[in-house]
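Read through the structure below, which is laid out as structure tokens, and then see the notes.
The values are calculated or read from the model by the stated rules, or taken from the named source; none is laboratory data. It should be emphasised that the depicted structure is a prediction, and the values quoted were computed from it without experimental measurement. Backbone-built Cβ (ideal geometry, glycine too); neighbour counts: all protein chains shown. Areas reflect the complete protein model, heavy atoms only, side chains present, ligands, DNA and RNA absent. Shrake-Rupley method; radii C 1.70, N 1.55, O 1.52, S 1.80 Å.
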Amino acid sequence: MHEPHSALGVDEIDLSNMDFWRRPYAEREGVFRTLRAERPISHYNEPVFEGSSIEMPAGKGYYALTRYADIAEASRRPEVFLSGPGAVSLLDLPTEMVEYFSGMISTDNPKHARLRRIVSNAFNPRTVRAVEDSIERVADEIITQAREHGTGDFIVDIAAPFPLEIICSMMGVPPSEYPTVLKCSNIILSNGDPEFIPEGTDPILAFLEAGATLTGIMEELGKHRIDQPIDDITSALVNAEIESEKLTQQELASFFVLLVTAGNETTRTAIAHALHVFGEYPDQQRRLVEDYEGLAKTSTDEIVRWASPVIWMRRTLASDYTLSGFELKAGDKVVLFYNSANRDEDAFVDPYVFDVGRTPNDHYGFGAPGPHFCLGAHLARREITVMWRELLSRAPTIHPTGPPDQLASSFVNGIKHLNYSF
Ligand code: HEM
């Protein structure tokens, strides 16, 4: 993709219009390029949730931050740019729903610091190294099975089951529950995409039910692990020596919902976009085949920058604040468009070029530096590295055989289906 251009003038752009998010990637890139250049902080009304009879409270809209530098500044000031009030979603969620669905990602200090301290050991580089064998084993099993057919849907066969099996096995979820967990995570992040919502069901009700199902699985498991701890993360989280360093049943359940949603769709999306972009840049695929070990680190980060699986996160202003000369007021919502930061011409040389050796590459795919920086970044990087190392060593000519079927979502840059051949 080279220097995309927007067909829309800056006044015609509406980031809350779902039709925009169904447009091809290059058109979307063009719009963000125009915004960064002409109106880097712009206001939109909140989106209307299509197809639901349940009314969500209408708010006063949000400001979209599209430049790397502005997103960096907002992330460095978490005491002004809060994650708690109303959640990190565009629409304000009722408090009980925030607790239930998003846990620590939608909290601020002091609560956030306590939760993050408790769970951070479970995902630090040492722990991730300890599960390296299991990451390799799961990758091997999935690829072996897929190769029996030689062709198929890359998302269904490879990208979706891989992170799901890893996170579920780290948490100790029994394999019999994997299909249910996958179904629920698809519903929660589907943004109402009819492919994932059971026919005749209200999308918001489907979303709530999926959350309740995941919570139920984890509550059951948590109770079990208090009595019979084993070597898994769940046992560690519910059996800490110090009372304040344990998660309550409810915190454990919300953490699981967060892990399943934050850890699955995102990693799947990154792995899937890699196949799509290799189709567009076969020379970069060849470079990797020739020297995977030399390029493993830089290519993994370039895949995350390119894919920008999480398009945005929201913050709410605790007090009035002037950002790049723009006056924001207490209570205003701002949305940090990480996808746009990742193509900012002021932060990256040739941002529209996919380069597996890109250095430096301080992308915001995992969020910008700050307290909410992705907890699972080490794990996600390992998963992407191992999966593509295995794929390219066993099937160096793997390629897409059609265009990606995009998820209709402004939030996750998802791919629903992508046909491929070994
Ligand atoms: C390529 C894969 C991934 C991407 C692109 C990604 C992206 C992100 C982003 C952008 C944030 C920042 C949220 C904010 O700004 O408020 C975040 C937070 C988070 N991610 Fe990831 N993530 C990925 C994989 C994972 C995995 C594998 C896990 C779980 C093991 C995970 C767990 C979390 C959690 C728990 C948070 C919340 C951290 C906090 O609020 O302190 N993520 N992720």
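A full extension of the chain between E132 and K60 corresponds to an added length of 21.3 nm, given 0.36 nm per residue minus the alpha carbon distance.
The stretch between M97 and H149 holds 14.5 nm of extra length on full extension. This uses 0.36 nm per residue minus the Cα-Cα distance.
Shape verdict for the chain, please, from the Cα gyration tensor: rounded (a/c under 1.5), prolate (a/b greater than b/c) or oblate. Rounded.
On a C-alpha basis, how far is the centre of segment 265-315 from the centre of segment 182-246 in Å? Whole number, if you could? About 28 Å separates the Cα centre of segment 265-315 from the one of segment 182-246. What segment 67-141 shows is 47 Å² of accessible area per residue, with the surface traced by a 1.4 Å probe over protein heavy atoms.
Annotation for segment 259-358: trypsin sites (Lys or Arg not before Pro) lying in DSSP loop with at most 14 further Cβ atoms inside 10 Å of their Cβ are K329.
Rounded to 0.05, the FRET efficiency of the D320 and V48 pair, given R0 = 41 Å and the Cβ-Cβ distance, is 0.90. Under the criterion of Cα pairs below 8 Å and six or more residues apart, the relative contact order for the chain equals 23 percent. Ranking L205, L379 by solvent-accessible area of protein heavy atoms (1.4 Å probe, all protein chains present), from largest to smallest, gives L205, L379.
Only DSSP H runs of four or more residues enter the estimate; each adds -39500 (n - 2.57), and after division by the residues of the chain the mean residue ellipticity at 222 nm equals -15000 deg cm²/dmol.
Of the residues M97, L288, V277, the one whose Cα sits farthest toward the positive end of the charge dipole of the chain, with +1 on the Cβ of Lys and Arg and -1 on the Cβ of Asp and Glu, is L288. FRET efficiency for the pair T180 and A37, taken as 1/(1 + (r/R0)^6) with r the Cβ-Cβ distance and R0 = 41 Å, rounds to 0.35. Segment D362..I226, full-extension length gain: 44.9 nm, with 0.36 nm per residue of separation and the alpha-carbon distance subtracted. Per residue, the accessible area of segment 156-253 comes to 46 Å² when a 1.4 Å probe rolls over the protein heavy atoms.
The portion of the accessible surface of segment 273-422 made up by carbon and sulfur, rounded to a whole percent, is 53 (1.4 Å probe; DNA, RNA and ligands excluded).
When the P(r) of segment 176-221 is calculated, the portion above 16 Å amounts to 31% of the C-alpha pairs.
If both residues of a DSSP beta bridge must be in the chain, then about 90% of such bridges are antiparallel. Apply the a/c threshold of 1.5 to the C-alpha gyration tensor of segment 231-367 and tell me whether it is rounded, prolate or oblate. Verdict is oblate for segment 231-367. Among rounded, prolate and oblate, which fits segment 310-371 when a ≥ b ≥ c are the square roots of the eigenvalues of its C-alpha gyration tensor, a/c under 1.5 means rounded, and a/b larger than b/c means prolate? Judged from the Cα gyration tensor, segment 310-371 comes out prolate (a/c at least 1.5, a/b above b/c). Mind checking which aspartates and glutamates have their C-alpha under 20 Å from K297, skipping anything on the same chain fewer than 8 residues away? Counting by Cα, and skipping residues close in sequence, K297 has these aspartates and glutamates nearby: E132, D133, E136, D283, D350, D355, D362, E383, E390. Site pair A330 and T298 shows an inter-label distance of 4.9 nm when each label is modelled 7 Å from Cα along Cα→Cβ.
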